[in-house]
Every structure is written in structure tokens, then in C-alpha cells.
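The values are calculated or read from the model by the stated rules, or taken from the named source; none is laboratory data. Please read all numbers here as calculations on a predicted model, not as lab measurements. Methodologically, a virtual Cβ is constructed for each residue, glycine included, from the backbone with ideal geometry; neighbour enumeration extends over all protein chains shown. Note: accessible area is taken over every heavy atom of the protein model, side chains too, but ligands, DNA and RNA are not part of it. Shrake-Rupley method; radii C 1.70, N 1.55, O 1.52, S 1.80 Å.
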Amino acid sequence: MHTKVLDILKKYFGYHNFKKGQEEIIMSILKKQDTFVIMPTGAGKSLCYQIPALLLEGVTLVISPLISLMKDQVDTLENMGIPATFINSSLSFAETEKRIYQVKQGKYKLLYIAPERLESAGFASLISNLQIDFVAVDEAHCVSQWGHDFRPSYRHIPDFIKELPTKPIIGAFTATATEEVKKDVVNLLTLNKPNIYITGFNRENLFLSVVRGENKRDYVLDYVRNNRDQVGIIYAATRKEVESIYKELSLAGFNPTKYHAGLSTEERKQNQEAFLFDNNNIIVATNAFGMGIDKSNVRFVIHYNLPKNVEAYYQEAGRAGRDGEPSQCILLFGPQDILLQKFMIEQSVTSPERKSNEYKKLQEIIDYCYTPSCLRKFILEYFGEEDVPGDCGNCSTCTDDSDLVDITVDAQKIFSCIIRLKQRYGSTFIAQVLKGSKNKKVLELNCDRLSTYGIMTEATEKEIRDIINLLVADGYLSLTEGQYPVVKIEEKALAVLKNDQKVYQKVQKKRERLPEDNSLFELLRQLRKDISNKENVPPYIIFPDSTLKEMSKFYPQDAHALLKIKGVGENKLQKYGDVFLAQIRKYAEENNISRNITKEANETTKIKKKIDKTPSHLLTLELYQTGLPLEEIARQRELTLITTQNHIIQCALEGLAVNLDALIPQEYENLILQAIKTVGGEYLKPIKESLPAEVDYFAIKAVLCKYK
Ligand code: ADP
Ligand code: MG
């Protein structure tokens with residue numbers, strides 16, 4: 001059974017290894033155990049029910065919450081050669097009947113259905129004599145009202161299962177792990193002594209970042225400008241905000257689309273598709289967007305407003321980087337958002353118990369925004385992980401290299417002005433007074449006679465407002481609730497006014513930039529887009545970004561080499577192999593990449609690195625011996641060229657077989673030797689300085705090594 005599972009993984013999915021947990025989960029299901037899987041978004045849950053479905057005798061029913069995405073999921077499977085279909089309200093009765101007939105004939109192994117179907121008596125009788133071996137409930141947290149996407153129709157699942165002639169295996173899959181939700185899933189879905197799998201929540205490839213007290217609009221425009229053409233989601237809390245960001249980005253010449261509940265069903269569908277197909281690279285959306293979206297090449301998720309809790313945040317942010325490539329999750333925090341979230345709780349939750357629960361969760365996400373420690377640690381501990389290291393190296397805390405700028409004087413000016421204005425006005429008015437504006441209201445209220453009038457003329461009103469926002473974000477000031485928030489002084493500001501404490505503003509040295517993609521990657525991306533248009537399936541269904549990245553790293557030039565690339569299974573090889581190979585060969589030829597760089601060489605080094613901790617310089621040597629140029633080795637191993645050169649020298653010094661002559665430019669060998677004799681062989685720098693500039697350190701080291 002075990003080898004069969006692995007074969008399927010390779011043949012259909014084109015993957016050579018399981019991700020963490022997948023294998024155990026698949027085996028649990030195949031042993032006919034009810035199975036409950038809690039893994040973060042992007043961890044690869046789908047495959048855990050898709051593979052058993054292929055091996056079980058009868059059919060697998062997949063319950064998935066979103067009708068609009070079923071076609072997409074089924075297309076993905078079909079493209080890999082896995083027979084699947086779906087039934088939902090978008091189909092006519094005749095079509096539904098036909099599909100069920102085909103399922104009975106054994107044409108399909110997977111049948112996707114929306115939970116709403118389960119309520120219809122017609123449906124129950126339609127499938128009454130179908131052999132259902134396995135029911136996979138995706139997004140299982142929807143069954144719980146404590147979860148963040150409660151769907152009443154999920155409550156019909158247990159009744160439906162009870163009616164089936166034989167009890168199927170039940171699998172429940174979710175990314176939400178709070179205690180209430182866990183209990184609800186087990187009880188409400190009537191899981192029978194389930195095997196529960198909770199893998200870690202860490203998503204290494206996601207860069208987590210909180211940006212506090214910055215001007216959000218400027219930030220987003222800047223970010224998008226720096227990451228042109230990258231695919232991303234910008235979440236905002238309200239329709240109004242979505243519309244205004246959308247408009248701003250469009251005006252600035254970017255290519256966004258939008259999604260919120262105020263748009264018609266048709267429009268939402270169109271916009272979603274445009275995003276899935278990479279026609280628009282940015283989608284500005286409320287949290288109505290995203291559940292069940294498996295788009296794997298999302299490179300950034302920006303939260304323009306505070307989300308309602310940490311689960312919701314991590315689920316939404318986790319839509320970045322499903323393909324495992326580096327991606328960014330940025331939360332823009334402004335304290336006004338807290339008021340908005342409180343307002344939403346008041347509006348939407350009536351039960352006092354749930355209300356206090358929601359407030360508690362809101363406070364936790366606020367804590368996330370203020371934590372001075374590692375953001376990844378915060379999230380992982382939130383999900384109950386223990387012994388999390390405190391320095392992930394991949395969040396805005398751990399990589400903080402910002403300069404602190406002393407803004408005490410500006411802060412004091414602002415605080416004094418607020419006090420002179422008797423803490424009765426909002427930030428716009430305060431900024432006008434400080435700027436010395438001739439605004440009518442300012443003059444009418446005689447504010448030009450205040451001692452703080454016009455004491456910040458050198459700043460713009462917007463800059464002053466930005467500083468006020470920062471001071472609010474850092475707790476020196478607070479805002480009252482309501483439509484026109486008034487700025488109040490907090491305790492913390494008094495110490496600053498008394499000159500007991502200073503105020504600093506962090507100034508980022510550099511904005512996060514995503515690494516540049518190479519030109520073959522761009523060509524392959526274009527090729528994928530062309531195929532996508534022709535076949536009318538989203539690009540990432542053809543190949544995820546990670547697959548194209550591997551192709552552009554290893555230059556596979558025949559079918560055999562292509563199959564080794566992650567994400568290329570047999571079906572896709574047949575379907576797309578030739579065109580992609582043609583493009584790669586053409587590129588390789590034009591760029592003089594003569595070698596078919598085999599993936600094995602790299603694969604071995606990776607495995608070795610993990611298992612026996614082979615010293616790094618030996619790994620470099622191993623690659624070097626396959627004939628790769630050092631530049632290429634440096635690129636593959638993500639080292640500097642100098643490091644790989646040093647590795648080779650070290651190997652030579654250790655007496656390993658290194659052909660030093662190949663490293664020494666012949667015409668300089670004698671000259672270098674002379675120089676060593678003259679200035680001595682102890683220090684490199686004087687040798688280098690006594691030689692022509694084109695002789696590099698590497699050559700000198702090689703000569704030293706040769707004549708040691
Ligand atoms: P989830 O449902 O847990 O959010 P998905 O099932 O959508 O995640 O999988 C996320 C991505 O990971 C998909 O692009 C999928 O193809 C990929 N993936 C799944 N399993 C593997 C694997 N074993 N190796 C490499 N990639 C995988
Ligand atoms: Mg999923």
C-alpha cells in the first residue's frame with residue numbers, strides 16, 4: 001500500500017516527497033479510521049484526501065464550502081489525470097443525474113459537493129445506491145459557530161452520513177485549531193475515535209510583518225510599485241475602503257481588480273477569475289474573498305486593516321505562498337481599526353458569551369500588532385505550539401534594521417497643542433493649527449492666537465497627521481469612538497512633556513523587496529499564460545510558480561529530466577512537456593547553457609545537508625565535480641561566489657582531489673609566484689596589491705595552495 005501511495009504522488013502530482021504529516025494521514029484514512037487533520041493553509045491538505053480517494057474501492061465525497069471554486073478544484077485534478085467531477089446548484093437536474101450515473105459507472109473517483117446539496121431530499125435519493133467509502137469534509141471549521149466561517153448547512157452533514165447504507169470513513173480538514181472548534185468538529189461531525197493530526201503551524205516561506213503608525217496609502221502604493229507584476233491580495237475591512245484602495249491603485253496605473261459583497265454575483269465571479277487567471281495581478285477585497293482559493297502563486301497578502309482575530313489573520317495571510325516560494329504577509333496597523341472591529345462585533349454578535357469571546361480574540365490580534373518579540377513565535381504559540389525559538393529570522397521583528405529617529409520635540413509640540421485645544425478636536429484640525437493654517441474654522445475659533453499655532457510650519461499637514469497617527473499607535477495618544485474621533489492625551493505622553501522620556505520613530509532602511517526573477521522564469525510564465533488563455537484554465541493549474549522556478553534553475557532538456565522537476569507528473573508531462581522543453585532548450589542554446597544540469601546533484605546535496613550534515617565545502621566540491629561552474633554552484637546553494645571559492649581551496653588544503661591548475665590563469669601563474677616570493681606568503685593583501693588588478697584573490701589562493 002505504501003509504495004502505491006508514493007507512486008500516485010509521483011505519477012499524478014509530480015511530487016517526490018510528502019510534506020509533513022501527509023503520509024501518516026493518508027495511511028490513517030486507508031486504514032479506515034476517522035481522521036481529523038489540522039494543518040495551516042498551504043500545508044497540502046487536499047492531497048491527503050485525494051490520494052486515498054484513488055485507492056479506495058468506492059467513491060469519495062468531498063464536501064467543500066464554495067460552489068464557485070468547485071470547477072477550479074475539479075479542473076486541477078483533471079489536469080493531473082485524476083477523474084473527478086462536481087455537483088452543485090449551478091447544474092441542471094439532467095446534468096446532475098448524468099454525473100451521478102457516471103459516478104456509479106466508475107468514471108469518477110471523487111465527487112465534490114456543496115453542503116447545501118445535503119439538505120435536498122432529491123439529492124439523497126439520487127445517491128442512495130452509490131458506494132460512498134469516504135466523506136472528506138474540507139474547511140471543517142465551518143461546522144462550528146466558534147469558528148470564523150460558520151456555515152449552518154455544515155450541520156446537515158452528520159444526518160446525511162447517518163442515512164447512508166454503510167458508514168463511510170470520515171475525514172475532517174481545517175486550518176483552525178482553537179479548542180472550541182476542535183471539540184465541535186469531533187462532536188458535530190460525529191467522528192468516531194478519530195486519529196487527530198496537528199502538524200506545526202509554521203510556514204517558513206512566509207515573511208511576517210507588522211507595520212505600525214505609517215501612512216497606509218503611501219505604504220501600499222510604494223509596496224506595489226516596488227513589487228510590480230507580483231501577484232497579491234490586499235484585504236480591507238469594508239466595501240468602502242476596498243473601493244477607495246481599488247480606485248487609488250487603478251489611477252496610479254496598476255492593474256487591480258476588486259471583490260466584496262456589494263458587487264453582483266456575476267461581477268464577483270468575473271473579478272475572481274480575472275485574478276485566478278493572472279489577468280489582474282492584484283485583488284483588493286474584503287474577507288469575503290479567498291476561502292477555498294487554491295491559487296498557489298500569491299506573493300504577498302497585505303492587510304490594510306486589522307483583521308478580527310489571529311485565526312482569521314493567519315488563514316487570510318496564509319493564502320500567500322502556497323507553492324512554498326518566499327512570500328510576504330504584511331499587516332498595516334492603525335489604531336482606528338480597533339474601533340471598527342469593535343463596532344462590527346457589536347453589530348453582528350448578540351449572544352453575550354460569544355461577544356466576550358470575540359472581544360478576547362480581538363485583543364489577541366491587537367497584541368500581535370504590538371508585540372516587540374518575534375511575530376512567528378507569537379502566532380505559533382497562539383496555536384498552542386511549545387518551545388518555539390524566539391528568533392525566526394523571517395519576520396519584521398527579527399529582521400528589523402530600521403534606524404530610530406528622535407521625534408521628541410515634534411511629539412511635545414503636538415501634545416501641547418492638543419492640551420491647548422482642550423482635547424476636543426480630531427487629528428486634521430490639530431494638524432491645521434500646528435501648521436498655521438488660515439482655514440476658516442481655525443480662524444473662527446481664534447486658534448491662531450494659541451501659542452502652539454504655526455509651530456510646525458516646516459512640515460506638511462499630512463506629515464503632522466502621520467506623526468499623530470504614530471503617536472496613537474504607540475499609545476501616547478488615543479482616539480475616542482465614533483465617526484469623528486477626537487484625539488486625547490494618554491498618561492504616557494506626560495512623561496514626554498516633562499522631558500523624562502524620549503519618543504522615537506522607526507525609519508525603515510529599505511522596503512521589503514521580493515527577489516528578482518530570472519529571465520527564463522519570465523519566459524516560462526508567459527508561455528504558461530498563453531496556454532492558460534488557450535485552455536481557459538488558470539495559469540497555476542498548469543504549473544505552479546515553484547515548478548517554473550525549478551525549471552529555470554535546472555534547465556531540464558529532456559522528458560526524463562523534466563519529470564524530476566517538482567510538480568511535473570506523467571499527465572502534465574504528456575500535456576505540456578514538449579512546449580516547455582522547447583522553450584527551455586531555446587533559452588539554453590541562446591544563453592550557452594550547454595549542460596543539462598541534473599536535479600540529482602542538487603537533490604543529493606539537499607538530502608545530505610539534512611541527514612548527515614556533510615560539511616558545506618564538501619557539498620560544493622561534489623557539485624564542482626559534476627562540472628558546474630562555481631558561479632552556478634553559488635547561485636544554487638545561495639552562497640556568495642567567494643564562499644564557494646573558499647570551499648574549493650579548503651578542499652584542496654585538505655588534500656582532496658581538486659585540479660588547482662584549472663583555477664590558476666596560466667599567464668599569471670609565474671607572476672603570482674614571483675609576488676609571493678617578494679612580499680612573503682603570509683598575508684594576501686600585499687600580494688594582491690603587487691599584482692595587476694585582474695588577478696583575483698582566488699587565483700592567488702590557488703597558487704599558494706599549489707606550492708604550499
Ligand atoms: P491546504 O488545503 O492545506 O491549504 P493545498 O492542498 O491547497 O493546501 O496545497 C497547497 C499547495 O501545496 C498546492 O499547490 C499543492 O499542490 C502543494 N503540495 C501539496 N502536497 C505537496 C507535496 N507533497 N510536495 C510539494 N507540494 C505539495
Ligand atoms: Mg484546502
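With (1) touching a Leu at 6+ places or on another chain (Cβ under 8 Å); (2) within 16 Å of ligand 1 (Cβ to nearest atom); (3) not in a helix (DSSP H, G or I) as the list, and Asp323 as the residue in question, which single condition is left unmet?
(1)
When the stretch 136-148 is examined, which residues are found to be within 16 Å of ligand 2 (Cβ to nearest atom) and either outside any loop (DSSP other than H, G, I, E, B) or surrounded by fewer than 19 Cβ atoms within 10 Å (Cβ to Cβ) (or both)?
Within the stretch 136-148, Ala136, Val137, Ala140, His141, Cys142, Val143 meet the criteria.
For the stretch 599-678, which fully contained helices (runs of 4 or more DSSP H) count at least 3 residues that are at pLDDT below 85 and within 18 Å of Val695 (Cα to Cα)?
641-653
Could you tell me whether Leu434 is touching a residue at least 60 places away in the same chain (Cβ under 8 Å), within 45 Å of the chain's Cα centre (by Cα) and part of a helix (DSSP H, G or I)?
So Leu434 fails the test.
Give just the number: which of (1) open to solvent by less than 10 Å² (accessible area, probe 1.4 Å); (2) within 14 Å of ligand 1 (Cβ to nearest atom); (3) of a type outside the set (S, T, N, Q) does Ile29 not satisfy?
So Ile29 meets the others, but not (2).
Quick check on the stretch 303-313. Is at least one of its residues open to solvent by 30 Å² or more (accessible area, probe 1.4 Å), among the aliphatic types (A, V, I, L, M), within 30 Å of Leu276 (Cα to Cα) and not in a strand (DSSP E or B)?
no
Hey, Asn227 hits all of (1) within 16 Å of ligand 2 (Cβ to nearest atom); (2) modelled with pLDDT under 90 but one; which does it fall short on?
Going through (1) within 16 Å of ligand 2 (Cβ to nearest atom); (2) modelled with pLDDT under 90 one by one, Asn227 breaks only (1).
Restrict the check to the stretch 34-43 and report whether at least one residue is away from ligand 1 (no atom under 11 Å from the Cβ), in the same structural domain as Ala136 (by TED's automatic domain parsing) and without any contact (Cβ under 8 Å) to a residue 12 or more places away in the chain.
No.
Can you name the residue in the stretch 232-279 that is in a loop (DSSP other than H, G, I, E, B), modelled with pLDDT of 95 or more and touching a strand residue (DSSP E or B) at 6+ places or on another chain (Cβ under 8 Å) and is also nearest to Ala312 (Cα to Cα) among such residues?
By that ranking, first place goes to Ala236.
Conditions: (1) closer than 30 Å to Glu381 by Cα; (2) among the hydrophobic types (A, V, I, L, M, F, W, C); (3) more than 14 Å from ligand 2 (Cβ to nearest atom). Val37 meets all but one. Number of the miss?
(3)
Condition first: outside any loop (DSSP other than H, G, I, E, B), within 14 Å of ligand 2 (Cβ to nearest atom), of a type in the set (Val, Ile, Thr) and crowded, with 23+ Cβ neighbours inside 10 Å. Can you find one or more residues in the stretch 40-57 that meet it?
No - not one qualifying residue is present in the stretch 40-57.
Name the residue that is nearest to ligand 1 (Cβ to nearest atom), counting only residues in the stretch 127-181 that are under 19 Å from Thr199 (Cα atoms) and in contact with a Pro (Cβ under 7 Å, 6 or more places away or on another chain).
Ala175
Please specify each residue of the stretch 472-527 satisfying the condition of being surrounded by fewer than 16 Cβ atoms within 10 Å (Cβ to Cβ), modelled with pLDDT of 90 or more and more than 22 Å from Gln432 (Cα to Cα).
Glu491, Lys492, Leu494, Ala495, Lys498, Asn499, Asp500, Gln501, Lys502, Gln526
Name the single residue that is nearest to Leu130 (Cα to Cα) among those in the stretch 91-112 being among the polar types (S, T, N, Q) and loosely packed, with under 13 Cβ neighbours inside 10 Å.
Gln105
Among Gln50, Gln73, Gln22, which is the only one that is without any contact (Cβ under 8 Å) to a residue 40 or more places away in the chain and within 12 Å of ligand 1 (Cβ to nearest atom)?
After ruling out the rest, the residue left standing is Gln22.
Report yes if Ser92 is closer than 26 Å to Cys142 by Cα and of a type in the set (Ser, Thr, Tyr), otherwise no.
The answer is no for Ser92.
Here is a list: Val220, Val143. Which entry is under 19 Å from the mean Cα position of the chain (by Cα) and of a type in the set (A, V, I, L, M)?
Just a single option satisfies the conditions, and that option is Val220.
In the list Gln73, Gln102, which residue meets the criterion of being within 15 Å of ligand 2 (Cβ to nearest atom) and over 15 Å from Phe173 (Cα atoms)?
None of the other options fit; the residue is Gln73.
Could you tell me which of the residues Glu163, Glu214 is acidic (Asp, Glu), open to solvent by 60 Å² or more (accessible area, probe 1.4 Å), away from ligand 2 (no atom under 16 Å from the Cβ) and not assigned by TED's automatic domain parsing to the domain that holds Pro389?
Glu163
Are there any helices (runs of 4 or more DSSP H) wholly within the stretch 335-420 with 2 or more residues that are assigned by TED's automatic domain parsing to the domain that holds Glu463 and either open to solvent by less than 40 Å² (accessible area, probe 1.4 Å) or under 30 Å from Asn499 (Cα atoms) (or both), and if so which?
The qualifying helices (runs of 4 or more DSSP H) are 408-420.
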